[in-house]
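Q: Before I ask anything, here is the structure I am working with.
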Amino acid sequence: MKTQQKIAIIGAAGFLVAGFVFSHFYLHRKSREELIEIARELAYTWKKELELDFEQTSKLEDLIIEYTLKKNEIINATALTEDETILKLRDIQKAEHRKLQKLMSDKQFAKYLEVNKKISRKS
């Protein structure tokens, strides 16, 4: 194989890798934007339901993003058994609830749990 052919192959491979990397970043950016939009909508819904103030709503939006990413990471972990996945998700939910309790008043948190239970029963 001539040097020019090798250079052409390396160039083509580099071009393909660059295209893959670009598409990977583009898809992640798009997914991140969608997650932020969904978190904003959920936080606004909870704001109305629980009568949260602006600061609580803003912090809730951040928590929704944080814990959605953590839960997705566990759900997508192929090395975990179903039981391990469930246990890890429960641990994540407990940590999430501790943070929400600090963020909300007792009345707001109790209502949050009540509404969540209703939603879970419907699903």
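The values are calculated or read from the model by the stated rules, or taken from the named source; none is laboratory data. It should be emphasised that the depicted structure is a prediction, and the values quoted were computed from it without experimental measurement. Every residue, glycine as well, gets a Cβ built from its backbone with ideal geometry; the counts of neighbours run over all protein chains shown. The area values use the complete protein model at the heavy-atom level, side chains included, leaving out ligands, DNA and RNA. Shrake-Rupley method; radii C 1.70, N 1.55, O 1.52, S 1.80 Å.
Q: So, in region 69-78, of the ones that are open to solvent by 50 Å² or more (accessible area, probe 1.4 Å) and part of a helix (DSSP H, G or I), which residue ends up farthest from LYS102 (Cα to Cα)?
A: ILE75
Q: Can you tell me which residue within region 103-114, out of those that are touching a helix residue (DSSP H, G or I) at 6+ places or on another chain (Cβ under 6 Å) and of a type in the set (A, V, I, L, M, F, W, C), is surrounded by the fewest Cβ atoms within 10 Å (Cβ to Cβ)?
A: Restricting to residues being touching a helix residue (DSSP H, G or I) at 6+ places or on another chain (Cβ under 6 Å) and of a type in the set (A, V, I, L, M, F, W, C), the top hit is PHE109.
Q: If you scan region 79-123, which residues turn out to be assigned to a helix (DSSP H, G or I), among the small types (Gly, Ala, Ser) and closer than 18 Å to GLN56 by Cβ?
A: Result: ALA110, single match.
Okay, residues lined up against (1) modelled with pLDDT of 90 or more; (2) open to solvent by less than 90 Å² (accessible area, probe 1.4 Å); (3) out of contact with any Ser or Thr (no Cβ under 8 Å at 6 or more places or on another chain); (4) not basic (Lys, Arg):
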| residue | (1), (2), (3), (4) |
| --- | --- |
| GLU34 | no, no, yes, yes |
| LYS47 | yes, yes, no, no |
| LEU52 | yes, yes, yes, yes |
| TYR67 | no, yes, yes, yes |
| GLU82 | no, no, yes, yes |
| GLN101 | yes, no, yes, yes |
